[in-house]
Amino acid sequence: MKKAINQSVLSFILSGVSVLSLIFMVISMVQYSDINKKLDQANEDRILLTYNANRFMNGSAYLTNEVRAFASTGDQEHYDNYWNEVNTLKNRDEGVAAMEAIGITDEEQAMIREMSSLSNNLVPLEEEAMKQVQAGQREEALAYVYGEEYKTVITKINALKEQFLTTLDGRAATRVEQLRQRADTIKAGMVIAMVIVAVMQISSMVITRRKILRPVIAVKDQMGEISQGNLSTEFSLRPDTSEIGTLVQSIHETKRELKRYISDIDAKLAQMAEGKMDLTIGSDYRGEFRPIQEAMRQILDALNGALSRIRVTAEQVSEESKRMATGAQTLSNGATQQASAVEELSASIQELSKQVDSTSEDASNARRSSEDAAIQLQLCSEKMQELTAAMEDISKSSQQIGGIIKTIEDISFQTNILALNAAVEAARAGTAGKGFAVVAEEVQTLANKSAVSAQNITELIEASIHLVEKGTVLSADTMEALMGGVAGSRKSTELVGRIASSAMQQAESLRQLTQGMDLIAEVVQTNALTAEESANSAEGLYGQAEELKISVQKFRLR
(Lines give C-alpha, C1' and ligand atoms only; values in the text may rest on other atoms or scores of the structure.)
Protein backbone atom coordinates (compact mmCIF):
# COMPACT_ATOMS: atom_id res chain seq x y z
CA MET A 1 0.00 0.00 0.00
CA LYS A 2 1.30 3.44 -0.90
CA LYS A 3 2.67 5.46 2.00
CA ALA A 4 0.86 8.77 2.54
CA ILE A 5 0.59 11.24 5.34
CA ASN A 6 -2.67 11.16 7.22
CA GLN A 7 -5.13 13.95 6.45
CA SER A 8 -5.57 14.57 10.15
CA VAL A 9 -1.78 14.91 10.62
CA LEU A 10 -1.51 17.21 7.59
CA SER A 11 -4.41 19.34 8.82
CA PHE A 12 -2.83 19.38 12.28
CA ILE A 13 0.51 20.52 10.83
CA LEU A 14 -1.09 23.27 8.73
CA SER A 15 -3.29 24.39 11.58
CA GLY A 16 -0.35 24.21 13.98
CA VAL A 17 1.81 26.37 11.72
CA SER A 18 -1.08 28.83 11.34
CA VAL A 19 -1.62 28.94 15.10
CA LEU A 20 2.11 29.37 15.76
CA SER A 21 2.22 32.13 13.16
CA LEU A 22 -0.75 33.83 14.79
CA ILE A 23 0.90 33.50 18.20
CA PHE A 24 4.07 34.96 16.71
CA MET A 25 2.00 37.80 15.23
CA VAL A 26 0.40 38.52 18.60
CA ILE A 27 3.79 38.48 20.34
CA SER A 28 5.25 40.64 17.55
CA MET A 29 2.36 43.08 17.86
CA VAL A 30 2.99 43.34 21.60
CA GLN A 31 6.72 43.85 20.97
CA TYR A 32 5.99 46.30 18.19
CA SER A 33 3.75 48.28 20.48
CA ASP A 34 6.46 48.23 23.17
CA ILE A 35 9.14 49.27 20.63
CA ASN A 36 6.91 52.09 19.41
CA LYS A 37 6.52 53.28 22.96
CA LYS A 38 10.29 53.07 23.45
CA LEU A 39 10.83 54.83 20.12
CA ASP A 40 8.46 57.61 21.10
CA GLN A 41 10.21 57.85 24.46
CA ALA A 42 13.64 57.92 22.72
CA ASN A 43 12.50 60.71 20.40
CA GLU A 44 11.10 62.57 23.37
CA ASP A 45 14.34 62.00 25.33
CA ARG A 46 16.33 63.20 22.31
CA ILE A 47 14.31 66.38 22.14
CA LEU A 48 14.51 66.94 25.88
CA LEU A 49 18.26 66.26 25.95
CA THR A 50 18.80 68.72 23.12
CA TYR A 51 16.53 71.25 24.80
CA ASN A 52 18.24 70.96 28.18
CA ALA A 53 21.70 70.93 26.58
CA ASN A 54 20.81 74.16 24.80
CA ARG A 55 19.33 75.45 28.06
CA PHE A 56 22.64 74.72 29.80
CA MET A 57 24.64 76.30 27.00
CA ASN A 58 22.29 79.21 26.54
CA GLY A 59 22.49 79.88 30.27
CA SER A 60 26.25 80.20 30.04
CA ALA A 61 25.99 82.34 26.88
CA TYR A 62 23.30 84.46 28.50
CA LEU A 63 25.61 85.25 31.47
CA THR A 64 28.42 86.15 29.08
CA ASN A 65 26.16 88.43 27.02
CA GLU A 66 24.72 90.16 30.08
CA VAL A 67 28.07 90.78 31.72
CA ARG A 68 29.49 92.16 28.46
CA ALA A 69 26.38 94.28 27.95
CA PHE A 70 26.69 95.63 31.49
CA ALA A 71 30.40 96.31 30.91
CA SER A 72 29.65 98.11 27.66
CA THR A 73 26.59 100.13 28.71
CA GLY A 74 26.68 100.13 32.51
CA ASP A 75 22.95 99.50 32.41
CA GLN A 76 21.80 98.17 35.74
CA GLU A 77 19.23 95.92 34.04
CA HIS A 78 21.98 93.76 32.60
CA TYR A 79 23.51 93.48 36.04
CA ASP A 80 20.21 92.38 37.53
CA ASN A 81 19.62 89.94 34.69
CA TYR A 82 23.01 88.40 35.31
CA TRP A 83 22.40 87.82 38.98
CA ASN A 84 18.82 86.78 38.36
CA GLU A 85 20.12 83.99 36.12
CA VAL A 86 22.78 83.01 38.63
CA ASN A 87 20.60 83.09 41.73
CA THR A 88 17.04 82.51 40.50
CA LEU A 89 16.71 81.01 37.02
CA LYS A 90 19.73 78.74 37.24
CA ASN A 91 19.25 77.47 33.67
CA ARG A 92 22.66 75.83 33.66
CA ASP A 93 22.03 73.83 36.82
CA GLU A 94 18.43 72.98 35.80
CA GLY A 95 19.57 71.85 32.36
CA VAL A 96 22.29 69.62 33.81
CA ALA A 97 19.87 68.12 36.36
CA ALA A 98 17.28 67.44 33.65
CA MET A 99 19.86 65.76 31.39
CA GLU A 100 21.10 63.66 34.27
CA ALA A 101 17.52 62.65 35.05
CA ILE A 102 16.96 61.62 31.42
CA GLY A 103 20.28 59.83 31.29
CA ILE A 104 23.65 60.77 29.92
CA THR A 105 26.89 58.87 29.44
CA ASP A 106 30.07 59.24 31.47
CA GLU A 107 31.71 60.94 28.51
CA GLU A 108 28.88 63.44 28.27
CA GLN A 109 29.00 63.94 32.05
CA ALA A 110 32.73 64.65 31.80
CA MET A 111 32.08 67.23 29.08
CA ILE A 112 29.47 68.95 31.26
CA ARG A 113 31.86 69.00 34.21
CA GLU A 114 34.60 70.45 32.02
CA MET A 115 32.25 73.13 30.63
CA SER A 116 31.09 73.92 34.16
CA SER A 117 34.67 74.16 35.32
CA LEU A 118 35.55 76.51 32.44
CA SER A 119 32.41 78.52 33.11
CA ASN A 120 33.33 78.79 36.76
CA ASN A 121 36.73 80.07 35.75
CA LEU A 122 34.99 82.99 34.02
CA VAL A 123 33.07 83.97 37.15
CA PRO A 124 35.97 85.82 38.85
CA LEU A 125 36.63 87.78 35.66
CA GLU A 126 32.94 88.61 35.28
CA GLU A 127 32.63 89.68 38.92
CA GLU A 128 35.73 91.84 38.62
CA ALA A 129 34.38 93.40 35.41
CA MET A 130 31.06 94.26 37.12
CA LYS A 131 32.95 95.77 40.05
CA GLN A 132 34.96 97.91 37.63
CA VAL A 133 31.75 99.08 35.95
CA GLN A 134 30.24 99.99 39.28
CA ALA A 135 33.49 101.84 40.07
CA GLY A 136 33.10 103.74 36.80
CA GLN A 137 36.00 102.10 35.08
CA ARG A 138 34.27 100.56 32.11
CA GLU A 139 37.44 100.30 30.08
CA GLU A 140 39.02 98.02 32.63
CA ALA A 141 35.74 96.12 32.79
CA LEU A 142 35.69 95.62 29.02
CA ALA A 143 39.26 94.41 29.25
CA TYR A 144 38.14 91.69 31.61
CA VAL A 145 35.24 90.43 29.50
CA TYR A 146 36.82 90.97 26.11
CA GLY A 147 40.35 90.05 27.13
CA GLU A 148 42.37 87.21 25.72
CA GLU A 149 41.90 84.96 28.73
CA TYR A 150 38.14 85.43 28.63
CA LYS A 151 38.01 84.79 24.89
CA THR A 152 40.17 81.68 25.21
CA VAL A 153 37.86 80.22 27.83
CA ILE A 154 34.79 81.13 25.76
CA THR A 155 36.36 79.49 22.71
CA LYS A 156 37.00 76.29 24.66
CA ILE A 157 33.48 76.33 26.06
CA ASN A 158 31.98 76.79 22.58
CA ALA A 159 34.12 73.96 21.25
CA LEU A 160 32.97 71.71 24.05
CA LYS A 161 29.39 72.81 23.39
CA GLU A 162 29.61 71.74 19.78
CA GLN A 163 31.25 68.46 20.71
CA PHE A 164 28.70 67.84 23.48
CA LEU A 165 25.73 68.57 21.22
CA THR A 166 27.17 66.41 18.46
CA THR A 167 27.85 63.51 20.85
CA LEU A 168 24.49 63.84 22.61
CA ASP A 169 22.48 64.10 19.42
CA GLY A 170 24.44 61.29 17.78
CA ARG A 171 23.83 58.99 20.72
CA ALA A 172 20.12 59.82 20.83
CA ALA A 173 19.82 59.47 17.07
CA THR A 174 21.60 56.11 17.21
CA ARG A 175 19.19 54.93 19.93
CA VAL A 176 16.21 56.11 17.89
CA GLU A 177 17.57 54.46 14.76
CA GLN A 178 18.16 51.19 16.59
CA LEU A 179 14.62 51.19 17.92
CA ARG A 180 13.28 52.11 14.47
CA GLN A 181 15.25 49.26 12.86
CA ARG A 182 13.99 46.88 15.52
CA ALA A 183 10.42 48.09 14.91
CA ASP A 184 10.90 47.59 11.18
CA THR A 185 12.25 44.09 11.84
CA ILE A 186 9.23 43.23 13.99
CA LYS A 187 6.92 44.71 11.38
CA ALA A 188 8.59 42.60 8.70
CA GLY A 189 8.20 39.54 10.94
CA MET A 190 4.52 40.35 11.37
CA VAL A 191 4.11 40.67 7.62
CA ILE A 192 5.93 37.38 7.11
CA ALA A 193 3.73 35.73 9.77
CA MET A 194 0.61 37.10 8.06
CA VAL A 195 1.89 35.77 4.75
CA ILE A 196 2.57 32.37 6.37
CA VAL A 197 -0.92 32.31 7.89
CA ALA A 198 -2.43 33.22 4.53
CA VAL A 199 -0.33 30.59 2.75
CA MET A 200 -1.22 27.97 5.40
CA GLN A 201 -4.93 28.79 5.11
CA ILE A 202 -4.84 28.69 1.32
CA SER A 203 -2.84 25.44 1.49
CA SER A 204 -5.34 24.06 4.00
CA MET A 205 -8.21 24.98 1.68
CA VAL A 206 -6.48 23.46 -1.33
CA ILE A 207 -5.43 20.32 0.56
CA THR A 208 -8.87 19.99 2.15
CA ARG A 209 -10.49 20.27 -1.26
CA ARG A 210 -8.00 17.98 -2.99
CA LYS A 211 -7.21 15.47 -0.24
CA ILE A 212 -10.54 15.35 1.62
CA LEU A 213 -13.52 16.84 -0.25
CA ARG A 214 -12.82 15.28 -3.66
CA PRO A 215 -12.12 11.81 -2.20
CA VAL A 216 -15.17 12.08 0.07
CA ILE A 217 -17.36 13.02 -2.93
CA ALA A 218 -15.88 10.12 -4.91
CA VAL A 219 -16.48 7.78 -1.95
CA LYS A 220 -20.09 9.05 -1.67
CA ASP A 221 -20.69 8.42 -5.37
CA GLN A 222 -19.13 4.97 -5.13
CA MET A 223 -21.20 4.07 -2.06
CA GLY A 224 -24.29 5.23 -3.97
CA GLU A 225 -23.39 2.84 -6.80
CA ILE A 226 -22.82 0.04 -4.28
CA SER A 227 -26.19 0.76 -2.65
CA GLN A 228 -27.77 0.38 -6.11
CA GLY A 229 -26.04 -2.98 -6.52
CA ASN A 230 -23.50 -1.77 -9.13
CA LEU A 231 -20.32 -3.46 -7.94
CA SER A 232 -18.49 -3.25 -11.27
CA THR A 233 -18.44 0.56 -11.43
CA GLU A 234 -14.91 1.95 -11.84
CA PHE A 235 -13.46 3.45 -8.64
CA SER A 236 -10.43 5.54 -9.58
CA LEU A 237 -9.16 6.25 -6.06
CA ARG A 238 -6.27 4.12 -4.88
CA PRO A 239 -5.70 3.13 -1.25
CA ASP A 240 -2.85 4.46 0.85
CA THR A 241 -1.98 4.74 4.54
CA SER A 242 -4.02 7.92 5.15
CA GLU A 243 -7.52 7.97 6.65
CA ILE A 244 -9.18 8.51 3.26
CA GLY A 245 -6.86 5.89 1.76
CA THR A 246 -7.90 3.42 4.47
CA LEU A 247 -11.54 4.20 3.71
CA VAL A 248 -10.88 3.64 -0.01
CA GLN A 249 -9.15 0.36 0.85
CA SER A 250 -12.26 -0.66 2.85
CA ILE A 251 -14.49 0.14 -0.13
CA HIS A 252 -12.29 -1.87 -2.52
CA GLU A 253 -12.25 -4.76 -0.06
CA THR A 254 -16.03 -4.51 0.39
CA LYS A 255 -16.54 -4.68 -3.38
CA ARG A 256 -14.20 -7.65 -3.66
CA GLU A 257 -15.95 -9.47 -0.83
CA LEU A 258 -19.42 -8.73 -2.25
CA LYS A 259 -18.34 -9.89 -5.71
CA ARG A 260 -16.84 -13.03 -4.16
CA TYR A 261 -20.02 -13.75 -2.23
CA ILE A 262 -22.23 -13.13 -5.29
CA SER A 263 -19.96 -15.24 -7.52
CA ASP A 264 -19.92 -18.07 -4.99
CA ILE A 265 -23.73 -17.96 -4.55
CA ASP A 266 -24.23 -17.83 -8.34
CA ALA A 267 -21.92 -20.81 -8.89
CA LYS A 268 -23.58 -22.85 -6.13
CA LEU A 269 -27.09 -22.11 -7.44
CA ALA A 270 -26.03 -22.92 -11.02
CA GLN A 271 -24.68 -26.32 -9.91
CA MET A 272 -27.85 -26.93 -7.92
CA ALA A 273 -29.90 -26.09 -11.04
CA GLU A 274 -27.88 -28.74 -12.92
CA GLY A 275 -28.87 -31.33 -10.30
CA LYS A 276 -25.59 -31.40 -8.37
CA MET A 277 -26.97 -31.59 -4.86
CA ASP A 278 -23.82 -33.13 -3.34
CA LEU A 279 -22.19 -29.71 -2.91
CA THR A 280 -20.50 -28.60 0.28
CA ILE A 281 -21.24 -25.13 1.65
CA GLY A 282 -18.20 -23.73 3.44
CA SER A 283 -18.10 -21.31 6.40
CA ASP A 284 -15.85 -18.55 5.01
CA TYR A 285 -18.55 -15.84 4.88
CA ARG A 286 -18.10 -12.99 7.32
CA GLY A 287 -20.33 -10.72 9.36
CA GLU A 288 -23.92 -10.30 8.22
CA PHE A 289 -23.32 -12.67 5.26
CA ARG A 290 -22.98 -15.69 7.50
CA PRO A 291 -26.80 -16.13 7.74
CA ILE A 292 -26.93 -16.25 3.90
CA GLN A 293 -24.35 -19.03 3.84
CA GLU A 294 -26.15 -20.83 6.62
CA ALA A 295 -29.47 -20.45 4.70
CA MET A 296 -27.84 -21.93 1.57
CA ARG A 297 -26.57 -24.83 3.65
CA GLN A 298 -30.04 -25.39 5.11
CA ILE A 299 -31.68 -25.17 1.65
CA LEU A 300 -29.19 -27.67 0.23
CA ASP A 301 -29.71 -30.01 3.19
CA ALA A 302 -33.49 -29.68 2.81
CA LEU A 303 -33.35 -30.39 -0.94
CA ASN A 304 -31.11 -33.41 -0.37
CA GLY A 305 -33.52 -34.72 2.25
CA ALA A 306 -36.60 -34.02 0.13
CA LEU A 307 -35.15 -35.54 -3.06
CA SER A 308 -33.91 -38.56 -1.11
CA ARG A 309 -37.39 -39.07 0.28
CA ILE A 310 -38.88 -38.56 -3.22
CA ARG A 311 -36.49 -41.21 -4.61
CA VAL A 312 -37.40 -43.67 -1.90
CA THR A 313 -41.08 -42.86 -2.35
CA ALA A 314 -40.83 -43.36 -6.12
CA GLU A 315 -39.31 -46.78 -5.60
CA GLN A 316 -41.99 -47.62 -3.07
CA VAL A 317 -44.72 -46.37 -5.45
CA SER A 318 -43.26 -48.55 -8.18
CA GLU A 319 -43.30 -51.62 -5.95
CA GLU A 320 -46.75 -50.83 -4.63
CA SER A 321 -48.11 -50.32 -8.15
CA LYS A 322 -46.91 -53.85 -8.98
CA ARG A 323 -48.62 -55.23 -5.92
CA MET A 324 -51.75 -53.19 -6.71
CA ALA A 325 -51.97 -54.77 -10.17
CA THR A 326 -51.64 -58.25 -8.67
CA GLY A 327 -54.11 -57.41 -5.90
CA ALA A 328 -56.63 -55.97 -8.34
CA GLN A 329 -56.63 -59.22 -10.29
CA THR A 330 -57.02 -61.20 -7.10
CA LEU A 331 -59.84 -58.87 -6.02
CA SER A 332 -61.62 -59.49 -9.33
CA ASN A 333 -61.41 -63.26 -8.81
CA GLY A 334 -62.70 -63.01 -5.23
CA ALA A 335 -65.64 -60.76 -6.11
CA THR A 336 -67.64 -63.73 -7.54
CA GLN A 337 -67.09 -65.78 -4.39
CA GLN A 338 -68.26 -62.83 -2.26
CA ALA A 339 -71.58 -62.65 -4.18
CA SER A 340 -72.65 -66.21 -3.18
CA ALA A 341 -71.50 -65.67 0.39
CA VAL A 342 -73.49 -62.45 0.58
CA GLU A 343 -76.72 -64.25 -0.49
CA GLU A 344 -76.36 -66.84 2.27
CA LEU A 345 -75.54 -64.09 4.80
CA SER A 346 -78.68 -62.15 3.73
CA ALA A 347 -80.93 -65.17 4.47
CA SER A 348 -79.36 -65.57 7.94
CA ILE A 349 -79.82 -61.90 8.69
CA GLN A 350 -83.53 -62.04 7.81
CA GLU A 351 -84.04 -64.92 10.29
CA LEU A 352 -82.12 -62.98 12.94
CA SER A 353 -84.29 -59.94 12.25
CA LYS A 354 -87.45 -61.88 13.12
CA GLN A 355 -85.94 -62.99 16.45
CA VAL A 356 -84.82 -59.46 17.28
CA ASP A 357 -88.36 -58.15 16.60
CA SER A 358 -89.76 -60.62 19.14
CA THR A 359 -87.09 -59.60 21.69
CA SER A 360 -87.89 -55.95 21.11
CA GLU A 361 -91.62 -56.53 21.86
CA ASP A 362 -90.78 -58.39 25.13
CA ALA A 363 -88.38 -55.55 26.14
CA SER A 364 -91.18 -53.00 25.61
CA ASN A 365 -93.54 -54.95 27.94
CA ALA A 366 -90.78 -55.21 30.58
CA ARG A 367 -90.18 -51.47 30.39
CA ARG A 368 -93.87 -50.70 31.02
CA SER A 369 -93.94 -53.05 34.07
CA SER A 370 -90.77 -51.49 35.44
CA GLU A 371 -92.22 -48.00 35.05
CA ASP A 372 -95.39 -49.03 37.02
CA ALA A 373 -93.25 -50.46 39.85
CA ALA A 374 -91.21 -47.27 39.93
CA ILE A 375 -94.40 -45.20 40.30
CA GLN A 376 -95.55 -47.33 43.28
CA LEU A 377 -92.16 -47.01 44.95
CA GLN A 378 -92.29 -43.25 44.42
CA LEU A 379 -95.69 -43.12 46.22
CA CYS A 380 -94.25 -45.16 49.12
CA SER A 381 -91.33 -42.77 49.31
CA GLU A 382 -93.66 -39.77 49.52
CA LYS A 383 -95.74 -41.45 52.34
CA MET A 384 -92.54 -42.20 54.30
CA GLN A 385 -91.53 -38.58 53.95
CA GLU A 386 -94.91 -37.55 55.41
CA LEU A 387 -94.47 -40.09 58.27
CA THR A 388 -91.00 -38.73 59.00
CA ALA A 389 -92.35 -35.19 59.10
CA ALA A 390 -95.12 -36.29 61.53
CA MET A 391 -92.56 -37.99 63.82
CA GLU A 392 -90.49 -34.80 63.85
CA ASP A 393 -93.66 -32.82 64.82
CA ILE A 394 -94.38 -35.30 67.67
CA SER A 395 -90.79 -34.91 68.89
CA LYS A 396 -91.10 -31.14 68.88
CA SER A 397 -94.44 -31.33 70.74
CA SER A 398 -92.91 -33.67 73.36
CA GLN A 399 -90.13 -31.16 73.91
CA GLN A 400 -92.72 -28.40 74.36
CA ILE A 401 -94.65 -30.61 76.91
CA GLY A 402 -91.36 -31.12 78.78
CA GLY A 403 -91.09 -27.34 79.04
CA ILE A 404 -94.63 -27.07 80.37
CA ILE A 405 -93.97 -29.76 83.00
CA LYS A 406 -90.84 -27.85 84.01
CA THR A 407 -93.09 -24.84 84.52
CA ILE A 408 -95.49 -26.97 86.65
CA GLU A 409 -92.58 -28.16 88.76
CA ASP A 410 -91.51 -24.59 89.31
CA ILE A 411 -95.06 -23.63 90.29
CA SER A 412 -95.26 -26.64 92.67
CA PHE A 413 -91.93 -25.66 94.18
CA GLN A 414 -93.08 -22.07 94.67
CA THR A 415 -96.44 -23.29 96.11
CA ASN A 416 -94.64 -25.54 98.57
CA ILE A 417 -92.46 -22.62 99.64
CA LEU A 418 -95.55 -20.44 100.05
CA ALA A 419 -97.21 -23.21 102.13
CA LEU A 420 -94.14 -23.39 104.35
CA ASN A 421 -94.15 -19.62 104.76
CA ALA A 422 -97.90 -19.75 105.54
CA ALA A 423 -97.37 -22.48 108.17
CA VAL A 424 -94.61 -20.41 109.74
CA GLU A 425 -96.84 -17.33 109.83
CA ALA A 426 -99.73 -19.42 111.23
CA ALA A 427 -97.48 -20.74 114.00
CA ARG A 428 -96.54 -17.17 114.81
CA ALA A 429 -100.20 -16.17 114.88
CA GLY A 430 -101.00 -18.86 117.42
CA THR A 431 -104.64 -19.70 117.92
CA ALA A 432 -105.81 -17.14 115.39
CA GLY A 433 -103.80 -18.79 112.72
CA LYS A 434 -104.86 -22.38 113.19
CA GLY A 435 -107.38 -22.28 110.34
CA PHE A 436 -104.85 -20.68 108.07
CA ALA A 437 -102.32 -23.37 109.11
CA VAL A 438 -104.74 -26.09 108.04
CA VAL A 439 -105.14 -24.40 104.66
CA ALA A 440 -101.42 -24.03 104.35
CA GLU A 441 -100.91 -27.70 105.15
CA GLU A 442 -103.45 -28.69 102.50
CA VAL A 443 -101.81 -26.44 100.00
CA GLN A 444 -98.45 -27.98 100.80
CA THR A 445 -99.92 -31.47 100.43
CA LEU A 446 -101.41 -30.45 97.08
CA ALA A 447 -98.06 -28.97 96.01
CA ASN A 448 -96.27 -32.18 96.95
CA LYS A 449 -98.78 -34.25 94.99
CA SER A 450 -98.40 -31.90 92.04
CA ALA A 451 -94.65 -32.27 92.18
CA VAL A 452 -94.93 -36.07 92.30
CA SER A 453 -97.40 -36.05 89.39
CA ALA A 454 -95.21 -33.70 87.39
CA GLN A 455 -92.24 -35.99 88.04
CA ASN A 456 -94.21 -39.00 86.81
CA ILE A 457 -95.45 -37.13 83.75
CA THR A 458 -91.88 -36.03 83.06
CA GLU A 459 -90.67 -39.62 83.15
CA LEU A 460 -93.47 -40.72 80.84
CA ILE A 461 -92.81 -37.87 78.40
CA GLU A 462 -89.05 -38.56 78.43
CA ALA A 463 -89.81 -42.21 77.63
CA SER A 464 -92.12 -41.04 74.83
CA ILE A 465 -89.43 -38.70 73.50
CA HIS A 466 -86.94 -41.60 73.42
CA LEU A 467 -89.49 -43.76 71.61
CA VAL A 468 -90.27 -40.92 69.17
CA GLU A 469 -86.55 -40.40 68.53
CA LYS A 470 -86.14 -44.14 67.94
CA GLY A 471 -89.16 -44.07 65.60
CA THR A 472 -87.67 -41.09 63.83
CA VAL A 473 -84.39 -42.96 63.34
CA LEU A 474 -86.27 -46.03 62.09
CA SER A 475 -88.36 -43.91 59.73
CA ALA A 476 -85.20 -42.21 58.46
CA ASP A 477 -83.58 -45.60 57.84
CA THR A 478 -86.76 -46.84 56.18
CA MET A 479 -86.84 -43.64 54.12
CA GLU A 480 -83.23 -44.13 53.09
CA ALA A 481 -83.97 -47.79 52.13
CA LEU A 482 -87.00 -46.67 50.14
CA MET A 483 -84.94 -43.97 48.44
CA GLY A 484 -82.39 -46.62 47.52
CA GLY A 485 -85.21 -48.81 46.22
CA VAL A 486 -86.64 -45.91 44.25
CA ALA A 487 -83.21 -45.12 42.83
CA GLY A 488 -82.68 -48.79 41.96
CA SER A 489 -86.14 -48.93 40.42
CA ARG A 490 -85.36 -45.84 38.38
CA LYS A 491 -82.05 -47.31 37.31
CA SER A 492 -83.77 -50.61 36.43
CA THR A 493 -86.38 -48.68 34.47
CA GLU A 494 -83.66 -46.80 32.64
CA LEU A 495 -81.76 -50.04 31.90
CA VAL A 496 -84.94 -51.77 30.67
CA GLY A 497 -85.68 -48.69 28.58
CA ARG A 498 -82.21 -48.78 27.14
CA ILE A 499 -82.57 -52.54 26.42
CA ALA A 500 -85.89 -51.87 24.70
CA SER A 501 -84.38 -49.01 22.72
CA SER A 502 -81.35 -51.14 21.82
CA ALA A 503 -83.65 -53.98 20.73
CA MET A 504 -85.64 -51.61 18.57
CA GLN A 505 -82.44 -50.13 17.16
CA GLN A 506 -81.08 -53.61 16.49
CA ALA A 507 -84.31 -54.52 14.66
CA GLU A 508 -83.97 -51.33 12.63
CA SER A 509 -80.29 -52.01 12.03
CA LEU A 510 -81.01 -55.53 10.88
CA ARG A 511 -83.61 -54.22 8.47
CA GLN A 512 -81.02 -51.70 7.17
CA LEU A 513 -78.41 -54.51 7.12
CA THR A 514 -80.73 -56.63 4.98
CA GLN A 515 -81.12 -53.75 2.57
CA GLY A 516 -77.36 -53.20 2.72
CA MET A 517 -76.63 -56.79 1.89
CA ASP A 518 -78.80 -56.45 -1.19
CA LEU A 519 -76.78 -53.42 -2.16
CA ILE A 520 -73.53 -55.28 -1.38
CA ALA A 521 -74.51 -57.96 -3.82
CA GLU A 522 -74.83 -55.32 -6.48
CA VAL A 523 -71.60 -53.63 -5.36
CA VAL A 524 -69.67 -56.89 -5.49
CA GLN A 525 -70.61 -57.26 -9.12
CA THR A 526 -69.52 -53.67 -9.70
CA ASN A 527 -66.26 -54.33 -7.78
CA ALA A 528 -65.36 -57.09 -10.21
CA LEU A 529 -65.53 -54.62 -13.08
CA THR A 530 -63.74 -51.96 -10.97
CA ALA A 531 -60.97 -54.41 -10.04
CA GLU A 532 -60.38 -55.05 -13.73
CA GLU A 533 -60.10 -51.33 -14.33
CA SER A 534 -57.85 -50.93 -11.24
CA ALA A 535 -55.50 -53.55 -12.67
CA ASN A 536 -55.19 -51.54 -15.86
CA SER A 537 -54.68 -48.30 -13.85
CA ALA A 538 -52.05 -50.00 -11.71
CA GLU A 539 -50.12 -50.92 -14.83
CA GLY A 540 -50.23 -47.26 -15.94
CA LEU A 541 -49.20 -46.09 -12.44
CA TYR A 542 -46.28 -48.48 -12.48
CA GLY A 543 -45.04 -46.94 -15.76
CA GLN A 544 -45.31 -43.40 -14.35
CA ALA A 545 -43.53 -44.43 -11.14
CA GLU A 546 -40.65 -45.77 -13.22
CA GLU A 547 -40.43 -42.43 -15.08
CA LEU A 548 -40.45 -40.54 -11.73
CA LYS A 549 -37.66 -42.74 -10.42
CA ILE A 550 -35.57 -42.10 -13.53
CA SER A 551 -36.17 -38.31 -13.18
CA VAL A 552 -35.12 -38.28 -9.50
CA GLN A 553 -31.98 -40.27 -10.26
CA LYS A 554 -30.78 -37.36 -12.39
CA PHE A 555 -30.08 -35.47 -9.12
CA ARG A 556 -26.66 -36.26 -7.68
CA LEU A 557 -27.26 -36.43 -3.95
CA ARG A 558 -24.92 -36.78 -1.05
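Work out from phi, with θ = phi - 60° and the Karplus expression 6.51 cos²θ - 1.76 cosθ + 1.60, the ³J(HN,Hα) of each residue of the range 170-176, listed in order in whole Hz, and give x for Gly and Pro.
3J(HN,Hα) across the range 170-176, in whole Hz: x, 5, 5, 5, 4, 4, 5.
Could you calculate the contour length gain from SER263 to GLU320, that is, 0.36 nm times the residue separation minus the distance between their Cα atoms, to one decimal place in nm? Before the final figure, lay out each step's value.
Numbers: separation 57, 0.36 × 57 = 20.52 nm, distance 4.46 nm.
Taking SER263 through GLU320 to full extension adds about 16.1 nm, to one decimal.
The range 253-314: which trypsin sites (Lys or Arg not before Pro) are DSSP loop and have at most 10 other beta-carbon atoms within 10 angstrom?
Qualifying residues, ordered by number: ARG286.
Rounded to the nearest 10 Å², what accessible area does PHE413 show when all protein chains are kept and the probe is 1.4 Å?
120 Å²
Please work out, to two decimal places, the log10 of the ratio I(q)/I(0) at q = 0.23 Å⁻¹ from a Debye calculation in which every Cα of the range 56-98 carries one identical scatterer.
-0.68
Which GluC sites (Glu not before Pro) in the range 212-307 pass both tests, a DSSP loop state and at most 15 other beta-carbon atoms within 10 Å?
In loop regions of the range 212-307 (DSSP not H, G, I, E or B), the sparsely surrounded GluC sites (Glu not before Pro) are GLU234, GLU274.
Over the range 31-70, what number does the Rg to Rh ratio reach, with both radii from the alpha-carbon atoms and Rh per Kirkwood?
1.40
Give the lysines reachable from LYS383 as a straight Cα distance under 22 Å; neighbours fewer than 8 places away on the same chain don't count.
By straight Cα distance, LYS383 reaches LYS396, LYS470, LYS491.
Between ILE27 and HIS252, take the C-beta separation as r, use R0 = 51 Å, and let me know the FRET efficiency to the nearest 0.05.
Calculated value: 0.60.
Check which residues have an amide H placed less than 5 Å from ASP240's amide H, if you skip close sequence neighbours.
GLY245, THR246, GLN249
For the range 23-95, what's the radius of gyration and Dmax over Cα atoms, in angstrom?
Here Rg and the maximum Cα pair distance are 21.5, 73 Å.
If you count only protein heavy atoms with a 1.4 Å probe, what accessible area per residue comes out for the range 13-145, rounded to a whole Å²?
54 Å²
Calculate one ³J(HN,Hα) per residue across the range 215-230 by plugging θ = phi - 60° into the Karplus curve 6.51 cos²θ - 1.76 cosθ + 1.60, and present them in order as whole Hz with x for glycine and proline.
Karplus-based 3J(HN,Hα) across the range 215-230 equals x, 5, 5, 5, 5, 4, 4, 5, 5, x, 4, 5, 5, 7, x, 8 Hz.
Run the quick spin-label model on ALA481 and ILE192: label points 7 Å from Cα toward the beta carbon, then report their separation in nm to one decimal.
Modelled inter-label distance: 14.1 nm.
Each residue of the range 419-430 in turn: what ³J(HN,Hα) in whole Hz from Karplus with 6.51, -1.76, 1.60 and θ = phi - 60°, glycine and Pro shown as x?
Couplings: 5, 5, 4, 5, 5, 4, 5, 5, 4, 5, 6, x Hz.
What's the local net charge at LEU125, with K and R +1, D and E -1, over the other residues with C-beta under 12 Å away?
My count for the surroundings of LEU125 gives -3.
What is the Rg over Rh value, at two decimals, for the range 65-185, using alpha-carbon atoms and the Kirkwood definition of Rh?
Radius of gyration over Kirkwood radius for the range 65-185 works out to 1.13.
Ignoring ligands, DNA and RNA, please state the percent of accessible area on the range 19-90 from carbon and sulfur, probe 1.4 Å.
That fraction is 58 percent.
Rg (Å, one decimal) plus Dmax (Å, integer) for the alpha carbons of the range 1-127?
Radius of gyration, then largest Cα-Cα span, for the range 1-127: 29.7, 109 Å.
How much solvent-accessible surface does LEU460 expose, in Å² to the nearest 10, with a 1.4 Å probe and all protein chains in place?
120 Å²
In whole Å, what is the distance between the alpha-carbon centres of the range 25-68 and the range 224-295?
86 Å
Give me the percent of the accessible area of the range 147-252 that comes from carbon and sulfur atoms, probe 1.4 Å, all protein chains in place.
59 percent
Between ASP393 and LEU420, what is the FRET efficiency for a Förster distance of 51 Å, r being their Cβ-Cβ separation, to the nearest 0.05? Kindly include the intermediate steps, with their values, before the conclusion.
Details: r = 41 Å, r/R0 = 0.80.
Rounded to the nearest 0.05, the efficiency is 0.80.
The values are calculated or read from the model by the stated rules, or taken from the named source; none is laboratory data. This one's a predicted model, so the numbers in the text were calculated from it and none came from an experiment. Neighbour counts run over all protein chains shown; Cβ positions are idealised from the backbone, glycine included. These area figures cover heavy atoms from the full protein model, side chains too; ligands, DNA and RNA do not enter into them. Shrake-Rupley method; radii C 1.70, N 1.55, O 1.52, S 1.80 Å.
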